[in-house]
1. For residue 57 and residue 88 in one chain, what is 0.36 nm times their gap in residues minus the Cα-Cα distance, to one decimal in nm?
2. Taking H as built 1.01 Å from N, whose amide H comes closer than 5 Å to the amide H of residue 103, not counting residues under 5 places away?
3. For region 49-112, what size does the Cα cloud have along each of its three principal axes, sorted from largest down, in whole Å?
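All of the numbers you see were taken from the coordinates with simple rules; none came from a lab. These numbers come from a predicted model, not from an experiment.
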Amino acid sequence: MKKKLLMAILLTCLVTGASVVRAQDYRHGHTPREERTFALSDEQFSVLYDKVKNASFDDRRMDLIEVASLGAYYTSGQCAALIDIFSFGSKKLSALRYMAPHIVDPRNAYLIYEKFSFTSEKDEAARLVGCPRPARHNH
């Protein structure tokens, strides 16, 4: 019962988000699509974040992110906040796999890379986001 209710709430958020997108399309018909942001609003993201954060197990958290990612778009900051809920790099990367195709501002992906401890994880995150990490120079 709880699972069905939770899924209904998430789908309602996604439908609401789709309505906002259609309204933005109407208002900004002259602006190229790639210049507009369709990420979750702060309120929508807050609902999703709280649900993921309060889930009992990582598998449940992952399910919530997977369902939300069916129709939601994220800023790099929102994505970073969600993956930061997970303790291990492997789980963070698993969550990122769902969200990466839906990131609207990959130029800010450094916010995501900072959430990983190891270079190999950061490199994999960059591959998933499709935006290379800047090279580090040792002086």
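1. Values: separation 31, 0.36 × 31 = 11.16 nm, distance 1.31 nm.
So the chain would gain 9.9 nm between residue 57 and residue 88.
2. Correct list: 74.
3. Principal-axis extents of the Cα atoms in region 49-112, largest first: 33, 24, 18 Å.
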